[in-house]
Amino acid sequence: QRLKAAVHYTVGCLCQEVEEDKDVQFSKQSIAAISEITFRQCEIFAKELEMFARHAKRTTVNTEDVKLLARRSNSLLKYITQKSEELASSNMEQKEKKKKKSSAAKGGRTPGEQEAAVTENEDSNMA
């Protein structure tokens, strides 16, 4: 029920933006109808996403499932693909930053440099 109310509120806000931008009016009944259709369509999408994941023998919905859902709308599929690639590259950058931070915490050396330093220390200890 709360989710349905949130959808109704969001649709109302979007309709208000369109009213200001396009100089049109939406009746309360039309906003309620758009909200109901939107909510029902979201339920259908959720069920389809669940089925796609289950068909792939997974319990988690992933981006490929979302792309499959959006396949009928070329512009939506293109947008989702673009955002997915942006997120993937952002995640890779964050992982690289974590690696650099962890290597800096170990003395700022790469594993190869650390091994060379250990060998150097062993050599000096033997002398």
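For the criterion of being modelled with pLDDT under 95 and not aliphatic (A, V, I, L, M), GLU43 fails.
Could you go through the stretch 51-67 and let me know if any residue there is assigned by the TED database to the domain that holds LYS4, in a helix (DSSP H, G or I), under 23 Å from GLN1 (Cβ atoms) and open to solvent by 60 Å² or more (accessible area, probe 1.4 Å). No: zero hits. For the stretch 23-43, the candidate set comprises residues that are of a type outside the set (A, V, I, L, M, F, W, C) and within 25 Å of the chain's Cα centre (by Cα); within that set, the residue that is surrounded by the most Cβ atoms within 10 Å (Cβ to Cβ) is SER35. For beta carbons closer than 6 Å, sequence separation of 6+ or different chains, a first residue in the stretch 51-79 that is among the small types (Gly, Ala, Ser) and a second that is assigned to a helix (DSSP H, G or I), the qualifying pairs are ALA53/ASP65; ALA70/LEU76; ALA70/LEU77; ALA70/ILE80. Being farther than 27 Å from LYS67 by Cα, open to solvent by 50 Å² or more (accessible area, probe 1.4 Å) and either assigned to a helix (DSSP H, G or I) or free of Cβ contacts under 8 Å to residues at least 40 places away in the same chain (or both) is true of GLU20. Among the residues making up the stretch 68-98, a single one is surrounded by 14 or more Cβ atoms within 10 Å (Cβ to Cβ) and not in a helix (DSSP H, G or I): ALA70.
The values are calculated or read from the model by the stated rules, or taken from the named source; none is laboratory data. This one's a predicted model, so the numbers in the text were calculated from it and none came from an experiment. No Cβ is skipped: glycine too gets one built from the backbone with ideal geometry, and neighbour counts run over all protein chains shown. Each accessible area value is taken on the protein alone, full model and side chains, heavy atoms only, with ligands, DNA and RNA left out. Shrake-Rupley method; radii C 1.70, N 1.55, O 1.52, S 1.80 Å.
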